[in-house]
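Scroll down for the structure; my scribbles are underneath it.
Nothing in this text is a laboratory measurement; each read-out follows from the coordinates by a stated rule. No experiment lies behind these values; they were computed from the predicted model shown. Positions of Cβ are generated from backbone atoms using ideal geometry, with glycine treated the same way; all protein chains shown enter the neighbour counts.
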Amino acid sequence: MNTQLVESLVQVILSLPPDERSLLEEKLFSNIPYPSTLELAHLAQSGGAFDFLHNEPDTYTLDDGEAI
């Protein structure tokens, strides 16, 4: 890896005026697609953030409440 080149680029970017820096960010990040709903659902399901729900009791059933 060319660390010296990366450091030089960072210094150049940091020295840019705000409008030029915004233009650079727009050029760099405009082609990055947003994740789809399916990708987000898969991430939520496989990420482990909701694993605690597997140990929660089933408080509600289909017989609770009124039908919609």
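Where does helix 3-15 land angle-wise versus the long Cα axis of the chain, in degrees 0 to 90, nearest 10? It is inclined by approximately 90 degrees. Overall, the chain carries a charge dipole of about 580 debye about its Cα centre when +1 sits on the Cβ of Lys and Arg and -1 on the Cβ of Asp and Glu, all other atoms neutral. Relative to the longest principal axis of the Cα atoms of the chain, the long axis of helix 18-29 makes an angle of roughly 60 degrees.
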